[in-house]
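Here the structure is laid out as structure tokens; the discussion comes afterwards.
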Amino acid sequence: MTLFLRKAVKSDLQVILENEQAAYPIPWTPTMLSDSFAEQYQFFVVCLNQPQEVIGHMILQPILDECHLLNICIRPSAQGRGFGKQVLQKWFELAEQQQWTTLWLEVRESNQVAQSLYSSMGFEHIATRKDYYSAGEGKREAGWLMSKLMHSS
């Protein structure tokens, strides 16, 4: 199976929304996802075998020589097969090409599976942001801020 990224286009929005809603108890809204097509973001879909088989997405926000991962999603039926790790590796390759020195992301404090993946890929827990995420029904959840320093040449 070949996994690759391609730039997301507006016609991908429906499958992106479906994957997001299936993968997360509190997904990004259609407006949030649609707004991610703006210039300041790099919005990719994760494809398997062919450009039309969208199994996930990744939204990046480059800022000078850094890049912030705003959203990464693999649809539930494709999870547990290493695709998330492959997407992160593709982000690292892009970081090398773009000469980003630091990569940033946030992850829910309760999401130990993702925390473990990010740690295994070289990210460090830098800080905890209290009440960062909505947890539904008026509740909030802390988010871990994690970063990875890229090798400079």
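The values are calculated or read from the model by the stated rules, or taken from the named source; none is laboratory data. Owing to the predicted nature of the structure, the values given are computational and were not obtained by experimental measurement. Note: ideal-geometry Cβ built from the backbone for every residue, glycine included; neighbour counts use all protein chains shown.
Go through the residues of region 107-122 one by one and say whether even a single one is under 18 Å from residue 73 (Cβ atoms) and charged (D, E, K, R). Looking for residues that are under 18 Å from residue 73 (Cβ atoms) and charged (D, E, K, R), one finds at least one in region 107-122, hence yes. For region 31-86, a tally of residues being over 22 Å from residue 123 (Cβ atoms), part of a loop (DSSP other than H, G, I, E, B) and either in contact with a His (Cβ under 7 Å, 6 or more places away or on another chain) or not polar (S, T, N, Q) (or both) returns 6.
Restricting attention to region 2-26, the residues that are assigned to a loop (DSSP other than H, G, I, E, B), modelled with pLDDT under 95 and surrounded by 11 or more Cβ atoms within 10 Å (Cβ to Cβ) add up to 2. A search for C-beta distances below 7 Å between a residue of region 53-77 that is under 17 Å from residue 92 (Cα atoms) and any residue that is in a loop (DSSP other than H, G, I, E, B) and hydrophobic (A, V, I, L, M, F, W, C), counting only pairs 6+ apart in sequence or on different chains, returns 57/8; 62/100; 65/100; 66/100; 67/100; 71/28.
Which count do you get for residues in region 96-136 that are on the phi < 0 side of the Ramachandran plot, in a strand (DSSP E or B) and either hydroxyl-bearing (Ser, Thr, Tyr) or free of Cβ contacts under 8 Å to residues at least 40 places away in the same chain (or both)? The qualifying residues number 13. Filtering region 2-12 to residues that are under 17 Å from residue 48 (Cα atoms) and of a type outside the set (Lys, Arg) leaves 2, 3, 4, 5, 8, 9, 12.
In region 11-32, the qualifying residues are those that are out of contact with any Cys (no Cβ under 9 Å at 6 or more places or on another chain) and of a type in the set (Val, Ile, Thr), and the one that is farthest from residue 74 (Cα to Cα) is 31. Scanning region 139-153 for residues that are in a loop (DSSP other than H, G, I, E, B) and over 18 Å from the mean Cα position of the chain (by Cα), we see that the one that is modelled with the lowest pLDDT is 153. Got at least one residue in region 62-71 being of a type in the set (Val, Ile, Thr) and either under 15 Å from residue 107 (Cα atoms) or crowded, with 18+ Cβ neighbours inside 10 Å (or both)? No, there is no match, as no residue in region 62-71 is of a type in the set (Val, Ile, Thr) and either under 15 Å from residue 107 (Cα atoms) or crowded, with 18+ Cβ neighbours inside 10 Å (or both). Of all the residues in region 79-118, those that are surrounded by fewer than 13 Cβ atoms within 10 Å (Cβ to Cβ) and among the β-branched types (Val, Ile, Thr) number 1. It is to be established whether one or more residues within region 35-49 are touching a Leu at 6+ places or on another chain (Cβ under 9 Å), buried (at least 20 other Cβ atoms within 10 Å of the Cβ), within 30 Å of residue 139 (Cα to Cα) and of a type in the set (A, V, I, L, M). No; the residues of region 35-49 include none that is touching a Leu at 6+ places or on another chain (Cβ under 9 Å), buried (at least 20 other Cβ atoms within 10 Å of the Cβ), within 30 Å of residue 139 (Cα to Cα) and of a type in the set (A, V, I, L, M).
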